[in-house]
Amino acid sequence: MSRPLNRSHDVQIDKDIDFSPLIHNQYILQGLEKSGYARPSPIQLKAIPLGRLGVDLIAQAKSGTGKTVVFGVIALEAVNLNVKGPQVLMVAPTREIAVQICDVVQNLGQCMPGFHCSALIGGLPMQADQQRLQHSQVLVGTPGRLMALLSSQKLPTNTINLFVMDEADKLMSDTFRPQIDYIYSRLPLKKQSVAFSATFTDALLASLNKFVVNPHTIHLTQDVPTLEEVQQYQTAVQIDTDDAEEAPYLRAMKVYKAKYEAIGKLLSKVEFYQCMVFTNSFSRSVELAAWLTKMGWKTGYISSGLTQAKRLKVMEDMRQFNLRVLVCSDLIARGIDIDRVNLVINVDYPRDVETYLHRIGRSGRYGTSGIAVNLVATEDDRAFLGSLLDNGISLPPLPENIKYGDFTKELDTKEGAKLQRHLHKRVAQEVNQPMKMLMIAKAIFTLFFPP
Ligand SMILES: Nc1ncnc2c1ncn2[C@@H]1O[C@H](COP(=O)(O)OP(=O)(O)OP(=O)(O)O)[C@@H](O)[C@H]1O
């Protein structure tokens with residue numbers, strides 16, 4: 001029997017079992033093994049057997065506990081390789097999540113002869129979609145692109161027997177609901193529907209009723225779904241002003257400048273692998289990424305304002321560990337899985353507590369140790385912390401000596417070497433900074449006082 005990974009209770013099960021009692025298809029078991037999954041997580045143990053029976057399902061489990069594998073396996077079980085045409089339709093709220101799901105499902109199905117999964121997302125040519133979907137059994141799309149393909153009769157639905165909604169609470173929001181209504185109306189009546197998220201409110205559960213029939217509901221957390229191994233802190237950022245009459249934009253500039261400096265200090269203090277910094281403004285993201293790059297941190301930024309090609313490139317750089325820091329918006333607050341991210345910093349705050357939980361859940365993936373630091377400078381910042389407190393989330397001040405918990409993710413040799421190279425470069429840069437200043441001063445001195 002496989003040895004359990006050194007991970008928190010969020011992903012450990014009491015039973016000493018692997019995936020074989022849950023899944024009988026050998027190809028899928030091989031795919032799981034090749035993807036590096038030896039033992040199921042609690043949500044996988046509970047939801048896979050139910051999903052395989054063909055019942056409708058609503059499943060909630062904390063961020064990063066393996067929900068994609070659940071619906072990936074259910075989808076592969078639903079696929080008949082002898083049938084031509086798409087058989088599973090998955091919807092995700094962002095293009096980045098859709099691409100990521102597609103990669104996971106393709107990996108899980110890698111041993112199934114002739115299996116293909118395709119991502120259908122906006123910002124890329126639709127013509128290519130049309131060709132790919134003809135050879136794919138599983139399709140993963142964003143609502144807008146799926147709607148465009150369906151309304152132009154380019155996506156046949158008569159062979160679809162499973163409908164998957166990932167980040168279902170987001171899909172039920174006003175932004176996406178009309179598109180989901182439309183997509184659903186185009187699917188065959190007889191099908192299985194499953195919905196997943198880390199956070200579900202009662203109102204959202206009610207609105208899901210239209211899409212599921214007599215669903216089995218699995219709720220793995222009764223309280224606030226914070227991850228056991230993610231330590232959350234707040235740190236006060238001092239703003240250097242005593243002018244009550246100061247123009248708001250000048251005040252805002254000072255707040256951001258002070259927050260950027262606080263981030264610089266934090267990155268030097270905490271020994272992180274990769275860090276995601278959340279801001280609410282595109283221009284601030286660009287500014288902060290440029291500043292951190294100047295400070296020697298390999299930094300990228302992503303927001304919906306970038307072209308799709310640039311968005312995919314920066315995600316790939318982050319996944320390849322070519323970046324240490326990613327400055328981002330709520331575009332990637334949910335669903336994105338980069339398992340080396342062990343530090344999350346909030347410069348600004350999201351609109352709601354659910355999004356906050358999704359943001360900090362970008363660290364601590366699959367029961368590993370993570371740290372989330374919240375920068376507090378303004379009344380708005382303090383008000384958000386107040387709403388966290390109302391939801392039972394209290395943030396202690398950041399301690400002087402901050403340490404990760406016991407479940408630090410192991411880096412492989414290549415990743416370890418990349419981290420070392422980057423650390424050396426940064427140290428060299430820090431040492432060189434005063435040397436450079438000295439040389440410049442010397443050059444100026446010699447200019448005025450030639451020897
Ligand atoms: N059985 C397993 N054994 C080891 N690792 C696993 C297993 N299942 C999933 N993982 C890993 O866990 C990580 C998180 O998985 P996934 O992205 O599916 O989580 P999630 O629950 O969908 O999270 P979110 O709510 O943030 O979308 C991934 O890196 C994945 O490779």
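Before moving on, here are some points about what is shown:
- Direction-averaged projected area, Cα convex hull, region 316-404: 6.4 nm², rounded to one decimal.
- Take Phe200: with every protein chain present and a 1.4 Å probe, its accessible area is about 30 Å².
- Cα-centre dipole for the chain with unit charges at Cβ (Lys and Arg positive, Asp and Glu negative), debye to 20: 1580 debye
- With 31 Å as the limit on Cα-Cα distance, the pairs of Lys67/Lys191; Lys46/Lys269; Lys67/Lys210; Lys170/Lys294; Lys259/Lys403; Lys46/Lys190 that go past it are Lys46/Lys269; Lys170/Lys294.
- With θ taken as phi - 60° and the Karplus curve 6.51 cos²θ - 1.76 cosθ + 1.60 applied, the whole-hertz 3J(HN,Hα) list for region 309-318 is 4, 5, 4, 5, 5, 5, 5, 5, 4, 5 Hz, x standing for glycine and proline.
- One Cα centroid belongs to region 359-404, the other to region 240-277; the line between them spans 16 Å.
- Our Cα-only numbers for region 48-122 put the radius of gyration and Dmax at 12.5, 36 Å.
- Residues whose amide H lies under 5 Å from that of Met90, counting only those 5 or more places away or on a different chain, are Leu139, Val140, Gly141, Val164; hydrogens are built 1.01 Å from N in the peptide plane.
- Placing R0 at 30 angstrom, the Cβ-Cβ distance between Gln127 and His219 gives a FRET efficiency of 0.10 after rounding to 0.05.
- Rounded accessible area of Tyr349 (nearest 10 Å², 1.4 Å probe): 20 Å²
- Sequentially through region 48-57, phi angles give Karplus couplings (6.51, -1.76, 1.60; θ = phi - 60°) of 4, x, 5, x, 5, 6, x, 7, 6, 9 Hz, Gly and Pro residues having no value and appearing as x.
- Simple Cβ-charge dipole of region 269-422, Lys/Arg +1 and Asp/Glu -1, about Cα centre, in debye nearest 20: 680 debye
- Extension gain, Lys414 to Lys257: 0.36 nm times the residue separation minus the Cα-Cα distance gives 53.0 nm.
- Accessible-area composition of the chain, carbon plus sulfur, in percent [1.4 Å probe]: 54 percent
- Spin-label pair Asp380/Ala247, simplified geometry with 7 Å Cα→Cβ offset, distance in nm: 1.8 nm
- Residues of the chain: accessible area per residue with a 1.4 Å probe, Å²: 48 Å²
- The helix-only estimate of mean residue ellipticity at 222 nm for the chain, built from DSSP H runs of length n ≥ 4 each weighted as -39500 (n - 2.57), is -13000 deg cm²/dmol after division by the residue total.
- Spacing of the modelled spin labels on Glu271 and Ala206, each 7 Å from Cα toward Cβ, amounts to 5.1 nm.
- Working note: Cα gyration tensor of region 26-219, eigenvalues times five, square-rooted, sorted largest first, giving semi-axes of 22, 21, 15 Å.
- Extension gain for the segment Ser387 to Glu430, taken as residue separation times 0.36 nm less the Cα-Cα distance, is 11.5 nm to one decimal.
- The value given for region 19-84 is a Kirkwood hydrodynamic radius of 12.3 Å, derived from the mean inverse Cα-Cα separation.
- Normalised convex hull volume, region 209-275, alpha-carbon set, Å³ per residue: 237 Å³
- Translational D in µm²/s for the chain (Stokes-Einstein at 10 °C, 1.306 mPa s, Kirkwood Rh from C-alpha pairs): 67 µm²/s
- Backbone N under 20 Å from the Asp352 label point (7 Å along Cα→Cβ), restricted to region 40-67: 58-64
- In plain terms, the chain from Ala290 to Thr159 could stretch by 42.3 nm, reckoned as 0.36 nm per residue minus the Cα-Cα distance.
- For region 230-448, the Kirkwood hydrodynamic radius comes to 18.6 Å, computed from all pairs of different C-alpha atoms.
- Amide proton proximity set for Val277, modelled H, under 5 Å, gap of 5+: Leu326, Val327, Cys328, Ile345
The values are calculated or read from the model by the stated rules, or taken from the named source; none is laboratory data. Please read these numbers as outputs of a predicted model, since none were measured by experiment. Cβ coordinates were reconstructed from backbone atoms using ideal geometry, including for glycine residues, and neighbour counts include every protein chain displayed. Keep in mind that these areas ignore ligands, DNA and RNA; they rest on the heavy atoms of the full protein, side chains included. Shrake-Rupley method; radii C 1.70, N 1.55, O 1.52, S 1.80 Å.
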